[in-house]
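What follows is a single structure, written as structure tokens, with notes after it.
The values are calculated or read from the model by the stated rules, or taken from the named source; none is laboratory data. Quick caveat: nothing in here was measured; it's all calculated off a predicted structure. Positions of Cβ are backbone-derived with ideal geometry, glycine not excepted, and every protein chain shown enters the neighbour counts.
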Amino acid sequence: MGMKGKVALGAVVGIVVIGAVSANGGDGDGGSGDKGSSASAQRQAGGEKDAGGAEATEKKAAFAGDGDFEVGSDVKPGTYRTSGNTDDMCYWERAKDASGELDSLLANDNVSGTSYVTVKATDKLFKSSGCNDWEAVDPKAKGTPATKMAGDGGMFAVGTDIAPGTYKSTGNTDDMCYWERSKDAEHSLDSIVANNNVSGTAVVTISASDGYFKTTGCKDWQKTG
């Protein structure tokens, strides 16, 4: 609704983030304007220590944070998570072929904090650069969701990392705070439920039907209702 378009810094190719062209889709712009230099990981808000104990310790990296991976052989379709990316240098890309051309790009992002990505069986290549290792996750897994989250923490799984409800972030002064409600981790235009760039105080209600909440460049969020 009249959002300002926010373009994330592109890695390698310099044109990036499919969400950056989503001013005509979803609820506003889908830009993933990651400002990020904060060392906030995905469940810094307190969800990780409660999220599944033994299961969390059994998780192993599915593949490295650097490289090109062929879907089906190097990487199986599914949802993956990378966390603890603190310098905004993590870049990932889903592609429909290995040509390296713009037309092959399906979705991509620059990451500060955590990112979840769903790799589909129809994808051909997943590229990752400068990221911490990726681990496979079960999108249906439930933890003990937190009621606050780091404002530069990246993506939080609703119902697992954070509880649904109304959250407030105050003291955003430079219009670099970006939030996004999304229904899945495919990062397509259709994934976006709503988003905004904020200067000042941000208030957003996260629905229990949302899949993920993304926050970059914001002050920390606290649940208010």
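Among the residues that make up the range 209-224, is at least one of them in contact (Cβ under 8 Å) with a residue 60 or more places away in the chain, surrounded by fewer than 19 Cβ atoms within 10 Å (Cβ to Cβ) and not polar (S, T, N, Q)?
So the first thing to find is which residues in the range 209-224 are in contact (Cβ under 8 Å) with a residue 60 or more places away in the chain, and the list is 211-223.
From what's left, surrounded by fewer than 19 Cβ atoms within 10 Å (Cβ to Cβ): 222-223.
This time we only want the ones that are not polar (S, T, N, Q), so: 223.
Yes, that holds for at least one residue.
Can you find even one residue in the range 108-117 that is under 17 Å from the mean Cα position of the chain (by Cα), surrounded by fewer than 19 Cβ atoms within 10 Å (Cβ to Cβ) and either farther than 28 Å from VAL203 by Cβ or at pLDDT 95 or above (or both)? Checked the range 108-117: no residue is under 17 Å from the mean Cα position of the chain (by Cα), surrounded by fewer than 19 Cβ atoms within 10 Å (Cβ to Cβ) and either farther than 28 Å from VAL203 by Cβ or at pLDDT 95 or above (or both). Of note, THR86 does not satisfy the criterion of being at pLDDT 95 or above and either out of contact with any Phe, Trp or Tyr (no Cβ under 7 Å at 6 or more places or on another chain) or surrounded by fewer than 19 Cβ atoms within 10 Å (Cβ to Cβ) (or both). Taking the range 122-150, which residues are under 22 Å from ASN195 (Cα atoms), of a type outside the set (Gly, Ala, Ser) and more than 15 Å from the chain's Cα centre (by Cα)? Once the filter is applied, which keeps residues that are under 22 Å from ASN195 (Cα atoms), of a type outside the set (Gly, Ala, Ser) and more than 15 Å from the chain's Cα centre (by Cα), the range 122-150 yields PRO145, THR147, LYS148.
Each residue in the range 98-135 was checked for being assigned to a strand (DSSP E or B) and small (Gly, Ala, Ser), and 6 of them qualify.
Here's the yes/no breakdown for (1) more than 21 Å from GLY217 (Cβ to Cβ); (2) of a type outside the set (Asp, Glu); (3) out of contact with any Cys (no Cβ under 9 Å at 6 or more places or on another chain):
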{"site": "PRO77", "(1), (2), (3)": "yes, yes, yes"}
{"site": "ASP87", "(1), (2), (3)": "no, no, yes"}
{"site": "GLU101", "(1), (2), (3)": "yes, no, yes"}
{"site": "ASN108", "(1), (2), (3)": "no, yes, yes"}
{"site": "VAL111", "(1), (2), (3)": "no, yes, no"}
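Residue by residue, here is whether (1) under 18 Å from TRP92 (Cβ atoms); (2) within 15 Å of the chain's Cα centre (by Cα); (3) not in a strand (DSSP E or B) holds:
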{"position": "ASP152", "(1), (2), (3)": "yes, yes, yes"}
{"position": "TYR178", "(1), (2), (3)": "yes, yes, no"}
{"position": "GLU186", "(1), (2), (3)": "yes, yes, yes"}
{"position": "THR201", "(1), (2), (3)": "no, no, no"}
{"position": "VAL204", "(1), (2), (3)": "no, no, no"}
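Regarding ASN172, is this residue under 17 Å from SER115 (Cα atoms) and part of a strand (DSSP E or B)?
Working: under 17 Å from SER115 (Cα atoms): no; part of a strand (DSSP E or B): yes.
So ASN172 does not fit the description; no.
Is it fair to say VAL204 is out of contact with any Lys or Arg (no Cβ under 9 Å at 6 or more places or on another chain), over 15 Å from THR114 (Cα atoms) and among the β-branched types (Val, Ile, Thr)? The answer is no for VAL204.
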